Amino acid sequence: MVREQALKALQRVEQGFDRLFGASLNPWRQLGALSFLFFWVVAGTGLVLFIFFDTSLTGAHRSVEALTRQWYWGGLMRSLHRYASDAMVLTMVLHLLREFLYGRYRGVRWFSWITGVPLLWLVFASGINGYWLVWDQLAHFIAVGTAEWLDWLPLFGGVMIRNFLTPESLSDRFFSLLVFLHVGIPLILLLMMWVHIQRISRPKTNPPRLLAGGTLAMLLVLSLALPAQSQLPADPLHLPEVLQLDWFYLYAFPLLYTLSPGGLWGLAAAGTALLGVLPWVGRRPPQPVAEVHLESCNGCGRCFEDCPYAAVVMQPRADGRPFQLQPVVNADLCAACGICAGACPSSTPFRSVASLATGIDMPQMPIDDLRERLEQALPRLAGEAKVVAWGCRHGVRAEDLAEPGVAGFDLLCAGMLPPSFVEYAVRHGADGVLLVGCAGGDCEFRLGCRWTEERMAAQREPHLRGTVPAERVRIAWVNDAGELRAELAAFRERLKTLQNASRSIAEPIVIRRERRHG
Amino acid sequence: MARLWRIALQAVCYAACAGLIGYFSLLPSYRPLPAGQAMVKLTIRHAGQPVAECRQRSPAELAALPPNMRVATQCARERSPVTVRLEWDGAPLYQAVLPPSGLSGDGAASDYRRFVVPAGMHRLRAELADSVREPRRVDRLAEEVRLEPGRVLVVDYRGEQGGWVFR
Ligand code: HEM
Ligand code: SF4
Ligand code: SF4
């Protein structure tokens, strides 16, 4: 399929950038956050421009020119305003493409996708509106184009264009309206950006400092090297020979004149409709969602804390047990990542129960199965430096690492693994545990890698107990199978050097338990 | 050394991104009109004459009406369609019959068209007829116009200013 090919190409590019920037600073993994950054730059510089802008027919162009001549301040603000707006279109469109290629537009993600669509309209409307304010020849050209386009709708009665045909037909009031719109539309945009990230918890809205710094420096250098300029003042009775278009925003106008107003409306409507129905075409059967088992739940709320999609809410306890709260899963929001199961303190394999029931579990991959598969694999591990690797179905497969000394399991998400499993494996014969997930914090379920890291570093509950020596656990955030093999090989070499040193966990705790094997 | 290389390559990436943004924020330039051409924009917003003349109600008719509606003259609300014609160097350029707007046909007729024409001296003639009762009554303006390349000539019918305006 084309999408899969394109995804492979994208992943190759991303891996190249991983090597260059380091996975966590890779701009490809920060496109949404970068769009937010650009928005704030545009808003901040816009405020400065707003103070100096003259909202009159003759003053508009003059005031912008005066600003531009102050290259070190007003001109710089103007250039930053323009280039940050352009950059926002770039990152927004790449963000859309990337989410699409990774298939993150259906299932529970429909909400993020659908609320992204109006953002496109609002961003373009804000930008085009901004280009009117300069009131130069370009502004007049797009004013006429916009009016011709809107006049196609019966709503406007086909007379909006008459406001722009001759120099006399406009008034200062018109500029007050434009400025009002240029504040209003971006405010609505901001509101919708906020709505866009409502269904995910802890959204990445700030790029990492170093990346933000580099990006701002880039904008600054570009602004100084190529200051934004106006064209000649608007003249309704002359069209310039050439217009320098900002293609990030104004591509629609050449399109308008190659097609027709109706044609462009058709294209815009079809594009919007296509994006709008995408979450519901070729929909895969929904995954079973997380299930709460109150008999194993003490209401601690860790599942609620860790869920990346705010799908768990805590409600007053209803089963009569002496706890205050109980978790409730909203099936419409649950992405079936299993991170909640990894967070639940009842998910510990040390419990001596025949069937490991946990407080919140995934029907398609119960925690009990994880323990059973681990227990079957541990005795089969042979040779030196025996390793248990846990990975994720969405990343580089840990299961592919299987060999006599290595057992690999792939979970719904790296964050599904309860830390007690690591301890359990080490106590029951593994020399080391390798945790595998996607590089750059670019987890399919957003937070799996982050929670895993924090749990292993004992910065988050449930944490890995200090009885497991740190050198026996290694985390490999990778996006490439070769890289993972190299990590494993290096880890096993390291484990071999530890072999002779005394293991700090001397004797495995032997647990007697009846097991029914079906 | 490897670190320096990485930083240098990162700088190249940033520069490429800046280059991309800088380039497409200006280029490629767009030509709104082919070289040596000018544009004529026809714009009309004009209410045609009423389709029928106003008529005096007879005393009998008046008496039949409720007292508050006894107005002596009765006028049709519907307007005539507006016929426009443009002639360019003696050849027809455009012709249209524009219906009145509004549900009961009592609003203004309007139209907007753009024509790309060669620059230079040309003879432009505009005609408008707006009454079904007097089809012969045509409001016209014919002028020699000099259009340099890129000139936008606005051809507007402004009833209140006495008719056609070439601007
Ligand atoms: C103004 C433009 C936009 C901004 C600032 C923006 C920002 C963001 C941010 C910050 C996130 C959260 C990323 C994370 O924490 O993992 C996000 C997620 C998402 N965005 Fe956007 N976005 C924009 C436009 C769009 C558009 C146009 C689409 C598609 C139509 C889109 C689709 C998505 C989807 C599907 C997710 C969810 C990813 C997931 O659940 O894993 N966004 N966006
Ligand atoms: S499976 Fe994932 S999305 Fe669903 S409730 Fe658990 S943590 Fe939340
Ligand atoms: S983490 Fe487990 S014990 Fe805690 S509230 Fe959630 S289901 Fe209950």
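The values are calculated or read from the model by the stated rules, or taken from the named source; none is laboratory data. It should be emphasised that the depicted structure is a prediction, and the values quoted were computed from it without experimental measurement. Every residue, glycine as well, gets a Cβ built from its backbone with ideal geometry; the counts of neighbours run over all protein chains shown. When the accessible area is computed, the model is the full protein with side chains, heavy atoms only, and any ligands, DNA or RNA have been set aside. Shrake-Rupley method; radii C 1.70, N 1.55, O 1.52, S 1.80 Å.
Could you work out [θ]222 nm for chain A from helices alone, using -39500 (n - 2.57) per DSSP H run of at least four and dividing by all its residues? Round to the nearest 500 deg cm²/dmol. Before the final figure, lay out the partial values.
Details: 17 runs with 248 residues, N = 518.
Computed mean residue ellipticity for chain A: -15500 deg cm²/dmol.
Please average, across the residues of B:13-23, the number of beta carbons from any other chain that are within 10 Å of each residue's own beta carbon, and give a whole number. Please report the intermediate quantities before stating the final value.
On the way: counts 7, 8, 3, 1, 9, 12, 3, 4, 14, 7, 2.
Partner-chain Cβ atoms within 10 Å, mean over residues of B:13-23: 6.
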Over the range A:35-158, what number does the Rg to Rh ratio reach, with both radii from the alpha-carbon atoms and Rh per Kirkwood?
1.06
What's the average, rounded to a whole number, of partner chain beta-carbon atoms within 10 Å of each residue's beta-carbon in A:220-229?
3
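Leaving ligands, DNA and RNA out of it, report the carbon-plus-sulfur percent of the accessible area of the protein assembly as shown at a 1.4 Å probe.
Details: 19730 of 32630 Å².
Carbon and sulfur atoms account for 60 percent of the accessible area of the protein assembly as shown.
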Treating the angle as unsigned and between 0 and 90°, give the value, to the nearest 10°, between the Cα long axis of helix A:172-196 and the longest Cα principal axis of chain A.
10 degrees
Rounded to a whole number, the mean other protein chain Cβ count within 10 angstrom for residues of A:233-241 is 5
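Sort A:323-331, A:107-115 for me by packing, meaning the mean count of neighbouring Cβ atoms within 10 Å per residue, highest on top. Before the final figure, lay out the partial values.
Values: A:323-331: 16.0, A:107-115: 18.6.
Put in order of decreasing packing, that is A:107-115, A:323-331.
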Could you check the simple spin-label distance between A:Arg19 and A:Glu471, using points 7 Å along Cα→Cβ, in nm with one decimal?
3.1 nm
Surface accessible to a 1.4 Å probe, A:Arg460 within the full protein complex, Å²:
30 Å²
As a test question: what accessible area, to the nearest 10 Å², does B:Glu143 have when a 1.4 Å probe is rolled over all protein chains in place?
70 Å²
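Just to be sure I understand: if you take the accessible area of chain A alone plus chain B alone and subtract the pair, with a 1.4 Å probe, what total do you get in Å², rounded to 100? Write out the running numbers ahead of the final one.
On the way: alone 24930 and 11320 Å², together 32630 Å².
Separately minus together, A and B give about 3600 Å² buried.
Based on the Cβ-Cβ distance of B:Gln49 and A:Val353, what FRET efficiency does E = 1/(1 + (r/R0)^6) give at R0 = 60 Å, to the nearest 0.05?
0.05
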Does a label point 7 Å from the Cα of A:Leu325, set along Cα-to-beta-carbon, have any residues of the range A:184-226 with amide nitrogen under 16 Å, and which are they?
A:201-202
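Would you mind calculating the gained length between B:Gln56 and B:Ala15 on full extension (0.36 nm times residue separation, minus the Cα-Cα distance), in nm to one decimal?
Taking 0.36 nm per residue and subtracting the Cα distance, the gain is 6.6 nm.
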Label-point separation in nm, A:Phe100 to A:Phe156, each point 7 Å along Cα→Cβ
2.7 nm
Using 19 Å as the cut-off for backbone N distance, which residues of the range A:341-356 belong to the label zone defined by a point 7 Å from the Cα of A:Glu375 along Cα→Cβ?
A:346-356
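Using unit Cβ charges (K, R positive; D, E negative) and no other charged atoms, how large, in debye to the nearest 20, is the dipole of the range B:45-167 about its Cα centre?
The calculation lands at about 120 debye.
How much FRET efficiency would the formula 1/(1 + (r/R0)^6) give for A:Trp110 and A:Glu384, where r is the Cβ-Cβ distance and R0 is 45 Å, rounded to 0.05?
0.35
Just from its helices, what would the mean residue ellipticity at 222 nm be for chain B, if runs of 4 or more DSSP H residues each count -39500 (n - 2.57) and the sum is divided by every residue, rounded to the nearest 500 deg cm²/dmol? Walk me through the intermediate numbers first.
Details: 2 runs with 29 residues, N = 167.
Result for chain B: -5500 deg cm²/dmol, rounded to the nearest 500.
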In the range B:88-135, accessible area falls by at least 50 Å² from chain alone to full assembly (1.4 Å probe) for B:Tyr112, B:Arg114
With Cα coordinates, the longest principal axis of chain B makes an angle with the long axis of helix B:2-24, in degrees rounded to 10, of 20 degrees
Compute accessible area for the range B:29-69 by itself and then with all protein chains, 1.4 Å probe, and report residues whose area falls by 50 Å² or more.
B:Tyr30, B:Arg31, B:Pro32, B:Arg45
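How would A:Arg69, A:Arg162, B:Arg31 rank on accessible area, largest to smallest, probe 1.4 Å? Don't skip to the answer; put the middle values down first.
Numbers: A:Arg69 165, A:Arg162 65, B:Arg31 110 Å².
So the residues, ranked largest to smallest area, are A:Arg69, B:Arg31, A:Arg162.
Which length gain, in nm to one decimal place, applies between A:Arg173 and A:Gln287 when the Cα-Cα distance is subtracted from 0.36 nm times their residue separation? Don't skip to the end; give the middle numbers.
Working: separation 114, 0.36 × 114 = 41.04 nm, distance 5.61 nm.
Full extension of this stretch gives 35.4 nm more.
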With +1 on the Cβ of every Lys and Arg and -1 on the Cβ of every Asp and Glu, and nothing else charged, how large is the dipole of the range A:38-104 about its Cα centre, in debye rounded to the nearest 20?
80 debye
Using eta = 1.002 mPa s and T = 20 °C, Stokes-Einstein with Kirkwood Rh from Cα pairs puts D for chain B, in µm² s⁻¹, at 103 µm²/s
If every Lys and Arg gets +1 and every Asp and Glu gets -1 at its Cβ, then about the Cα centre the protein assembly as shown yields a dipole, in debye to the nearest 20, of 740 debye
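If Lys and Arg each add +1 and Asp and Glu each add -1, what is the summed charge of the other residues whose beta carbon sits under 9 Å from the beta carbon of A:Cys392?
So the surrounding residues net to 0.
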Alpha-carbon Rg with Dmax, taken over the range A:291-506, Å:
17.0, 54
Over the heavy atoms of A:His293, what accessible area does a 1.4 Å probe trace out, to the nearest 10 Å²?
50 Å²
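Please figure out what share of the DSSP beta bridges in chain A is antiparallel and state it in percent, rounded to the nearest 5.
Values: 9 of 24 bridges.
Close to 40 percent.
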Average accessible area per residue (Å²) across the protein assembly as shown - probe 1.4 Å, nucleic acids and ligands excluded:
48 Å²
C-alpha long axis of helix A:74-101 to longest principal axis of chain A, angle in °:
50 degrees
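What do you reckon, how do A:Met365, B:Met69, A:Met160 stack up by accessible area (1.4 Å probe), largest on top?
On the way: A:Met365 5, B:Met69 110, A:Met160 45 Å².
Putting A:Met365, B:Met69, A:Met160 in descending order of accessible area: B:Met69, A:Met160, A:Met365.
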